[in-house]
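Just so you know, all these numbers are worked out from the coordinates, no wet-lab data involved. Computed from a predicted model, the values in this text were never measured in an experiment. Quick reminder, even Gly has a Cβ in these numbers, built from the backbone with ideal geometry, and neighbours come from all protein chains shown.
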Amino acid sequence: MPRIERTAEIVWEGNVARGSGHITAGTGAFTELPYSLPARVGAPEGKTSPEELLAAAHGGCLTMSLATELTQAGTPPTRLETTCLIVMDEVEGEGHQIVASHITLAVDADGADDDAVAAAVERADAGCPFSTLLRKAGVEVAISRA
């Protein structure tokens, strides 16, 4: 696989408590997603957060990896549904840290029994760069099936 590079542009105006910003993908896939501290720590009210974007990135990466593993095993998926919950918490002496990523998978793959799906999930997790990154940072990564 070639080296992959992607960019995002972030604009922030004002102080952290009352300011706000937006995030735009370099590809144009999304533009000016609004975010702010109140939306990050309270009710999102239609705004995103770095944690939500990380959840999308980790969940999306693992789902693609699982589709690859199932296909290579001869049981390509009909449908994969993934939910990723990123948890940020106060860590004593370190401030707020990402401490967990909990992924729940619903897998529909004709011909793949539970053992085959479990093996594919394990391989997909091992091959997912976001799972690797998070684990190396000391984050708990838990994957379960719906």
(message) If you average the C-alpha positions of region 10-30 and of region 79-146 separately, how far apart do those two centres end up, in angstrom?
(response) 27
(request) Give, rounded to the nearest 20 debye, the magnitude of the charge dipole that the chain has about its Cα centre when Lys and Arg contribute +1 at Cβ and Asp and Glu contribute -1 at Cβ. (result) 400
(request) State the extension gain, in nm to one decimal, for the chain segment bounded by residue 115 and residue 133, taking 0.36 nm per residue of separation less the distance between their alpha-carbons. (result) 3.8 nm
(message) At 7 Å along Cα-to-Cβ for each site, give me the label-to-label distance between residue 89 and residue 37 in nm.
(response) 2.4
(request) May I ask for the angle, rounded to the nearest 10°, between helix 114-127 and the longest principal axis of the chain, with both axes built from Cα atoms and the value confined to 0 to 90°? (result) 50
(message) Restricting to Cα atoms and excluding each atom paired with itself, what does the Kirkwood estimate give for the chain in Å?
(response) 17.0
